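Every number in this text was worked out from the coordinates using simple rules, so none of it is lab data. This structure is a prediction, so every number in the text was calculated from the model and none was measured. Note that we place each Cβ from the backbone using ideal geometry, even for glycine, and neighbour counts take in every protein chain shown.
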């Protein structure tokens, strides 16, 4: 079990959002509103509800707009990891951002454009569950995952197979309990101590953890949304109305 509640987080928000053009020609993708709320605020709201007190957010595309928006958050300490000069990809951005946090404490890592909703009356405890599940003695990372039937906007491909003991392996046809990575991780920052200082993809560390039997997953309670194109916005808003009653 996690030794203590997770109070720190890193939100990956520096992507270009190319598939969301032309909207992202004028605003960064994390500020695109879904049912009236910018996507990054869905993510930050869930982190705050789980007890996070400090969140690093990396910025690159329309970085000034991102910083202006984040200054309006008074419920969590926001630290900017500036990637204006060089986009670092998921792994490089995480490595750089984690240097702004306490290396001894576990951390949540979330994508700024992936979030979930729960039905009325259901308490959203997904991040609390993930923190409780994460055991750094046995795990390099614990990923929040979702069954494909509980997704909207996804490309229809499974990422991993989830074993009965919670271990994850790359999905293969016929594998047990296929799942999609839901864009939330619990991990120790020290995992990336040996990572390069330049851009790299975080999938490298997923595969390393799998090779050591140390990548684990937990199934999301609720409905997961990914909004990759302008056309997907109305689809996501329909799902929110259907699942969460518009809240």
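Sequence gap at least 6, Cα distance under 8 Å: using those rules, report the relative contact order of the range 8-244 to the nearest whole percent. List each step's numbers first, then the result.
On the way: 463 pairs, mean separation 61.0, N = 237.
Answer for the range 8-244 is 26 percent.
Counting every other Cβ atom within 10 Å of each residue's Cβ, 122, 20, 139 order from fewest to most as 122, 20, 139. Take every DSSP beta bridge whose two residues both sit in the chain; close to 50 percent of them are antiparallel.
Judged by the gyration tensor of its Cα atoms, with axes a ≥ b ≥ c, the range 93-225 is prolate; a/c meets the 1.5 cut and a/b is the larger of a/b and b/c. Between the range 67-92 and the range 160-192, the alpha-carbon centres lie 27 Å apart.
For residue 172 and residue 123, compute 0.36 nm times the residue count separating them, minus their Cα-Cα distance, and round to one decimal in nm.
So the extension gain works out to 14.3 nm.
Identify which of 124, 41, 75 has the largest mean-square fluctuation in a Gaussian network model of the chain, with springs joining Cα atoms closer than 10 Å. The residue that fluctuates most here is 75.
Set the Förster radius R0 to 25 Å, insert the Cβ-Cβ distance between residue 25 and residue 198 as r into 1/(1 + (r/R0)^6), and round the FRET efficiency to 0.05. Numbers along the way, then the final one.
Details: r = 27 Å, r/R0 = 1.09.
That pair, residue 25 with residue 198, gives E of 0.35.
In the chain, helical runs assigned H by DSSP with n ≥ 4 each contribute -39500 (n - 2.57); averaged across all residues and rounded to the nearest 500, the mean residue ellipticity at 222 nm is -7000 deg cm²/dmol.
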